[in-house]
1. Rounding to the nearest 10 and keeping the result within 0 to 90°, find how far the Cα-based axis of helix B:25-37 lies from the longest principal axis of chain B.
2. For chain A, what does the relative contact order come out to in percent, with C-alpha contacts under 8 Å and a separation of six or more?
3. Find the eigenvalues of the gyration tensor of the Cα atoms of region A:143-263, then list the square roots of 5 times those eigenvalues as equivalent ellipsoid semi-axes, largest first, in whole angstrom.
4. Spelling out what I want: for every residue of region A:210-221, take phi, set θ = phi - 60°, compute 6.51 cos²θ - 1.76 cosθ + 1.60 (Karplus), and round to whole Hz; glycine and proline get x.
5. How far, in degrees from 0 to 90, does helix B:74-99 lean away from the longest principal axis of the Cα atoms of chain B, to the nearest 10?
6. Over all distinct alpha-carbon pairs, what is the Kirkwood Rh of the protein assembly as shown in angstrom?
7. What is the sum of charges, Lys and Arg at +1 and Asp and Glu at -1, for the other residues whose Cβ falls under 15 Å from the Cβ of A:Pro97?
8. Apply the Debye scattering formula to region B:38-84, with a single equal point scatterer on each alpha-carbon and no solvent, then give log10 I(q)/I(0) at q = 0.19, 0.22, 0.31 Å⁻¹.
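Quick note: the coordinates plus some simple rules give every number you see, no bench work behind them. This one's a predicted model, so the numbers in the text were calculated from it and none came from an experiment. With ideal geometry, Cβ positions are generated from the backbone for all residues, glycine too; neighbour counts draw on all protein chains shown.
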Amino acid sequence: MGLSSFSSLLLALASFQGPGTRLTYRVRVIEPASVEPRVLASGAVSGPLDNEMRLTLRTDSAEVEALFHLTPFGDTVSLGAEFYTRRRVGRSRRGLPLWEEDTYRRLVRLAWSDTARIYPFGQNRREGSAFVELILERRFAGGEGRSAERFDLVDSTRDLRVEAVVRPRRARVILNLVRGDTVSGPRPIDLVLDEPPRVVQLVLRGRATTLLVSVARPSEARSPRDRALALDADVLCLRVAPPPAADAPQPFGTVCGRLNNVARQLPLPTGDTLAATFAWPGAR
Amino acid sequence: MAGPETTHQQWLKQIGAELDGELSLMERAALAKHLATCSRCAGARASQLEVRVALARSAGDPHAFVVPRPSIRAGTLTLWVIVALATGMLGGWLANRRWGGPGSGAPLEDTRGTIVVQ
């Protein structure tokens, strides 16, 4: 790698991780018309620079879902999109609909002031097919705020949706030990992804249990659609292991779940059950 | 109440049945009595007979007592069924090779989403 490309990469990473930069995907879904184009829906997704946007359009015969993400390079930005498309191709002999599924990627480079037009059903499709107008904006904010989304559906007969996709970097995990009908006091802990494991001590019926816990992303998405559209973006896995001094070479196990305040249970070799509740961390 | 035309139609049916050998003696006697007085029905009977003679002649048996019915032999029928099935299967295979399975025949790339920078 040459020196100039290495320095540009560093510059890109520096701008990518720049504190307080807020990115906004501004979206308009437009139906072309002979007199004046009609705006079917409009919306915006904003958040930190690693924020992604999921766009969904459904008709009777096709479904297009796309996950947009970007990588800034100075005054330009690379806009990438993972498309997952389903097209209805007919009916089976038993009268059930037949669909064909397609997954593909698109990548374009544009300036921050440019407008990108997305033709979800292909540019050469019949006249009158809706397209999406996307404008990227960045501004400097005082601190890194939460992601936000806004979507106004003008034509309610259309099935359109825009969502913010946020991959958590931290998680708040509330741990309880359960044995029979006895539950230990909740032990909340803020964990950062891929950080070294932390020691947690839980007390149940006067007996202390020490555990090593860490969080990581799940290794593999369950389906190509989940992977392409990051449907499991807010899924994290809690790895539970005995403390290093303990004579237990095997980790106790892993429990995965969404950050949705639902408790997941992991049986421990001690006979207790560990209940882990995943939640989004508090705002900083 | 049956009118004269209806009665005539019934006699014509009786003539057809008589030529097919399907009438009893009593019915044949009644028909003969009617034909003796009705020139129209007698003419119709002669016409039907001429048609049947022509059909028997075309079937290769002009001296037949009744019109020979066309017959299909089992072997011929089986052969044609096999030919029809094979033609259908070959046509389906060729159509699948040419146009593919169900769905649009447009190239895949034309139906995929695109991003255009303006």
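1. With rounding to tens, the tilt is 80 degrees.
2. Numbers: 630 pairs, mean separation 47.1, N = 284.
It rounds to 17 percent for chain A.
3. Numbers: eigenvalues 259, 56, 39 Å².
Semi-axes (√(5λ), whole Å): 36, 17, 14.
4. 9, 9, 9, 10, 8, 10, 8, 6, x, 6, 9, 5
5. In chain B, helix B:74-99 runs at an angle near 30 degrees to the longest axis.
6. Details: mean 1/r = 0.0339 Å⁻¹.
Computed over the protein assembly as shown, the radius equals 29.5 Å.
7. Details: positive: A:Arg58, A:Arg86, A:Arg87, A:Arg88, A:Arg91, A:Arg93, A:Arg94; negative: A:Asp60, A:Glu63, A:Glu100, A:Glu101.
Counting the neighbours of A:Pro97, the net charge comes to +3.
8. -0.69, -0.77, -0.99
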